[in-house]
């Protein structure tokens, strides 16, 4: 049903489901980057504290069902079918969108599974996001970049205002110090909503690779300290266990193989910069598979790859918003890259493996590209089934 604004349909869905969102406590996670990683870290801490936890994320990487996870297990196919079958009439009556259906299904499933705490990643913005109907007891704000300007506004300040508006009056807002304009927006929201503003506590290591994950980790750790009702030592111990146990696919996701592969969803300039900084210490030009969506600032991301990308195999994501491989290849050639085209993602990965001749490769860009590449590489036993390296580089 495409994208529609407003919360009326979601509120009606929740009422029809007898308000499952009231049966668990929600922590909202909003921002431009790092929402999924922060949700993963926070839910990992909850699990290591002994809570029954839920995690709601979007978009999905490997499978639709990963959007709705309880205690590290995705919702089952049978449960998805049961929800759609039993509530098809209401869904059609309300003309609910894909994201609204998924958000309602998640609340139903979390309630039915006895979830105590939920880490819920907002899909778009905050004020009008479907997950706002969960009425969280706390909000984690990861920061903003200019994105979805047609919907949320054309400045960081306007976007920040939309995102922090998800916080219910009188609840907790965890947010680091922001740039001056965004900080004014945050302080205004705190004052108007009588929010309790908490600055994040620093951590010296992260469950996930990459220097940028320290910020996400500190936000998750602070949310756990503030909201879970456990002692500082208990939360610290749970966090340390999470640092050892957490696996989060597609985010600087090192997988051993011949060759080894680094899969990373770098779908905007900030996340691409983080990838580039991560692979610079390898001190070599790395063969890459790259594919973007057309509505992303892909030319900026191409610019960031200069100096680290070796031979590039470009491919086309399976999305209506896809950037055609031919257009990407033409631009990258003009910018001095050595480029070839493989339309199918699996063929692109296979070709890049040939080019690498045993050295490490990188697969990056859209969720559509990285997710398909991981699934195909695992099924062909080109790489291990799980992220299994904590190292900064690859063998």
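Structural remarks
- When restricted to residues that are in a loop (DSSP other than H, G, I, E, B) and touching a strand residue (DSSP E or B) at 6+ places or on another chain (Cβ under 7 Å), the range 229-259 contains 5.
- Among the residues of the range 47-70, those that are more than 18 Å from the chain's Cα centre (by Cα) and either within 15 Å of residue 140 (Cβ to Cβ) or part of a loop (DSSP other than H, G, I, E, B) (or both) comprise 49, 50, 51, 52.
- Residue 15 more than 14 Å from the chain's Cα centre (by Cα), within 30 Å of residue 221 (Cα to Cα) and in a helix (DSSP H, G or I): no
- Criterion violated by residue 288 - all others in (1) closer than 17 Å to residue 351 by Cβ; (2) under 21 Å from the mean Cα position of the chain (by Cα) satisfied: (2)
- Within this structure, residue 289 passes the test of being in contact with a helix residue (DSSP H, G or I) (Cβ under 8 Å, 6 or more places away or on another chain), surrounded by 23 or more Cβ atoms within 10 Å (Cβ to Cβ) and not assigned by TED's automatic domain parsing to the domain that holds residue 211.
- The condition of being crowded, with 16+ Cβ neighbours inside 10 Å and at pLDDT 95 or above holds for only one of 81, 69, 16, that being 69.
- Residue within the range 190-198 that is without any contact (Cβ under 8 Å) to a residue 12 or more places away in the chain, part of a helix (DSSP H, G or I) and outside the structural domain of residue 281 (by TED's automatic domain parsing) present: yes
One line per residue, one yes/no per condition, for (1) without any contact (Cβ under 8 Å) to a residue 40 or more places away in the chain; (2) closer than 25 Å to residue 357 by Cα; (3) surrounded by fewer than 19 Cβ atoms within 10 Å (Cβ to Cβ):
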site: 222; (1), (2), (3): no, no, no
site: 225; (1), (2), (3): yes, no, no
site: 230; (1), (2), (3): no, no, yes
site: 277; (1), (2), (3): no, yes, yes
site: 329; (1), (2), (3): yes, yes, no
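- The set of residues in the range 245-266 being within 12 Å of the chain's Cα centre (by Cα) and surrounded by 23 or more Cβ atoms within 10 Å (Cβ to Cβ) consists of 251, 264, 265, 266.
- When the range 84-121 is filtered for residues that are crowded, with 22+ Cβ neighbours inside 10 Å and part of a loop (DSSP other than H, G, I, E, B), the ones remaining, listed by number, are 96, 115.
Here is a yes/no grid of residues against (1) at pLDDT 95 or above; (2) surrounded by fewer than 22 Cβ atoms within 10 Å (Cβ to Cβ):
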{"site": "175", "(1), (2)": "yes, no"}
{"site": "194", "(1), (2)": "yes, yes"}
{"site": "198", "(1), (2)": "yes, yes"}
{"site": "205", "(1), (2)": "yes, yes"}
{"site": "210", "(1), (2)": "no, yes"}
{"site": "215", "(1), (2)": "yes, yes"}
{"site": "219", "(1), (2)": "yes, no"}
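- For residue 74, the conditions (1) touching a strand residue (DSSP E or B) at 6+ places or on another chain (Cβ under 8 Å); (2) touching a residue at least 60 places away in the same chain (Cβ under 8 Å) all hold with the exception of (2).
- Counting only strands (runs of 3 or more DSSP E) that fall entirely inside the range 297-395 and contain at least 3 residues that are farther than 13 Å from residue 261 by Cβ and at pLDDT 95 or above, the qualifying elements are 309-314, 339-341.
- Flag if residue 319 is touching a residue at least 40 places away in the same chain (Cβ under 8 Å), surrounded by fewer than 22 Cβ atoms within 10 Å (Cβ to Cβ) and under 26 Å from the mean Cα position of the chain (by Cα): yes
- Taking the criterion of being part of a helix (DSSP H, G or I) and within 30 Å of residue 157 (Cα to Cα), the residues of the range 29-46 that qualify are 35, 36, 37, 38, 39, 40, 41, 42, 43.
- Test for residue 186: is it more than 19 Å from the chain's Cα centre (by Cα), surrounded by 17 or more Cβ atoms within 10 Å (Cβ to Cβ) and either part of a loop (DSSP other than H, G, I, E, B) or at pLDDT below 90 (or both): no
The values are calculated or read from the model by the stated rules, or taken from the named source; none is laboratory data. Note that the coordinates shown come from a computational prediction; the quantities given were computed from them, not determined experimentally. Counting neighbours? That spans all protein chains shown, and the Cβs are built from the backbone with ideal geometry, glycine included.
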